[in-house]
Amino acid sequence: MLQNIRVVLVNTSHPGNIGGAARAMKNMGLSRLVLVDPLSFPHHEASARASGADDVLAGAQVVATLEEALVGCSVVLGTSARDRRIPWPLLDPRECGTRVVEQVGEGAEVALVFGREHSGLTNDELQRCHFHVHIPSNPDFSSLNLGAAVQVLAYEVRMAWLAAQGQPTKVEKVEVASVRSEELATMDELERFYEHLEKTLVDIRFLDPENPRHLMSRLRRLFARSSVNRSEMNILRGILTETQKMARGEPHKRKDQ
Ligand code: SAH
């Protein structure tokens with residue numbers, strides 16, 4: 001599916017930017033690069049900046065005109081550092097990602113077109129596009145490096161693609177603990193804990209049973225907010241037991257002794 005997305009770079013003058021774009025593409029799972037009349041390609045700087053995405057560079061198609069680059073494409077999105085170069089249907093990068101994924105999902109070939117470092121895309125080139133995409137950058141400094149612009153759009157395409165596949169965008173860190181100890185403490189366990197806590201607070205004279213004020217309800221509110229799990233509850237109960245022993249002046253044997 002992602003192989004039906006081509007990234008088209010028009011008249012790129014710095015080969016390093018071609019390498020940067022290739023790397024950005026490969027990072028995001030895109031592979032099809034089309035270069036319209038690049039100033040110098042292949043070039044060692046392109047390979048250096050690609051740092052590992054040499055396969056994208058090796059597979060890059062070099063053509064003479066934008067027209068050739070777009071053969072077979074039914075959806076073309078042109079990028080511009082200025083948001084209103086010419087009045088045209090405009091998408092932000094997120095909408096662009098969604099649109100691209102929708103279209104390739106329906107079997108279409110899609111092109112993302114990027115302009116020259118110094119002058120972007122011409123009006124004529126922009127008018128060949130179905131949509132324009134502007135990355136909402138600082139209006140006083142709106143032009144991103146070409147490779148960075150490719151990165152932003154490739155990332156949005158990836159996010160939309162992962163969402164469409166139902167694939168997660170993050171892997172939660174799983175604690176090495178038994179599933180049971182990860183389970184939240186139950187209401188009855190919590191009640192036993194509150195009883196134990198209250199007794200301990202009386203034992204250490206923090207809580208005056210004659211004048212309890214709102215201490216226990218405040219503590220209940222605190223623990224209710226913390227979603228205490230079983231193993232955490234065991235730790236808390238252990239602390240209370242040891243605290244009570246200390247309060248009674250019982251000889252205390254440390255675990256490490
Ligand atoms: N001076 C040029 C800037 C070109 S930057 C101009 O004003 O158009 C080179 C290319 O990077 C642009 O043609 C476009 O493809 C991409 N690019 C840079 N900044 C962008 C932005 N804010 N939104 C979308 N594309 C951008």
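Structural remarks
- Residue among Gly52, Gly19, Gly29 that is under 30 Å from Ala163 (Cβ atoms), part of a helix (DSSP H, G or I) and in contact with a Lys or Arg (Cβ under 8 Å, 6 or more places away or on another chain): Gly19
- Pairs where the first residue, in region 64-84, is closer than 15 Å to Thr12 by Cα and the second is open to solvent by 80 Å² or more (accessible area, probe 1.4 Å) and of a type in the set (Phe, Trp, Tyr), C-beta under 9 Å, 6+ apart: none
- Residue in region 153-168 that is assigned to a helix (DSSP H, G or I), in contact with a Lys or Arg (Cβ under 7 Å, 6 or more places away or on another chain) and not aliphatic (A, V, I, L, M) present: yes
- Residues in region 97-118 that are in a strand (DSSP E or B) and within 13 Å of the ligand (Cβ to nearest atom) were compared, and the one that is farthest from Gln3 (Cα to Cα) is Arg116.
- Whenever a residue of region 128-151 is within 11 Å of Thr79 (Cα to Cα), its partners that are among the charged types (D, E, K, R), lying with C-beta atoms within less than 8 angstrom and at least six residues away or across chains, give the pairs Phe131/Arg99; His132/Arg85; Val133/Asp92; His134/Arg82; His134/Asp83; His134/Asp92; Ile135/Asp92; Leu146/Glu117.
- Applying the criterion of being under 29 Å from the mean Cα position of the chain (by Cα) and more than 16 Å from Pro15 (Cβ to Cβ) to the residues of region 30-63, the residue that is surrounded by the most Cβ atoms within 10 Å (Cβ to Cβ) is Leu30.
- Ala160 vs. criteria at pLDDT 95 or above, of a type outside the set (Asp, Glu), within 16 Å of the ligand (Cβ to nearest atom) and under 19 Å from Met1 (Cα atoms): no
- Selection of region 120-153 for residues being more than 10 Å from the ligand (Cβ to nearest atom) and charged (D, E, K, R) yields Asp124, Arg128, Asp140.
- The number of residues in region 60-77 that are within 16 Å of the ligand (Cβ to nearest atom) and part of a helix (DSSP H, G or I) comes to 2.
- Among the residues of region 142-174, just one is hydroxyl-bearing (Ser, Thr, Tyr), more than 25 Å from Glu102 (Cα to Cα) and open to solvent by 60 Å² or more (accessible area, probe 1.4 Å), namely Ser143.
- Long-range neighbours under 7 Å by Cβ, at least six apart or interchain, first residue closer than 17 Å to Glu250 by Cα within region 200-215, second of a type outside the set (A, V, I, L, M) and open to solvent by less than 70 Å² (accessible area, probe 1.4 Å): Thr200/Thr243; Thr200/Gln244; Asp203/Gln244; Ile204/Thr243
- For region 78-96, filtered to residues that are near the ligand (Cβ under 10 Å from one of its atoms) and in a strand (DSSP E or B), the residue that is most open to solvent (accessible area, probe 1.4 Å) is Thr79.
The values are calculated or read from the model by the stated rules, or taken from the named source; none is laboratory data. What you are looking at is a predicted structure, and each value in this text was computed from that prediction instead of being measured. Methodologically, a virtual Cβ is constructed for each residue, glycine included, from the backbone with ideal geometry; neighbour enumeration extends over all protein chains shown. Please note that ligands, DNA and RNA were not included when accessible areas were found on the heavy atoms of the full protein model with its side chains. Shrake-Rupley method; radii C 1.70, N 1.55, O 1.52, S 1.80 Å.
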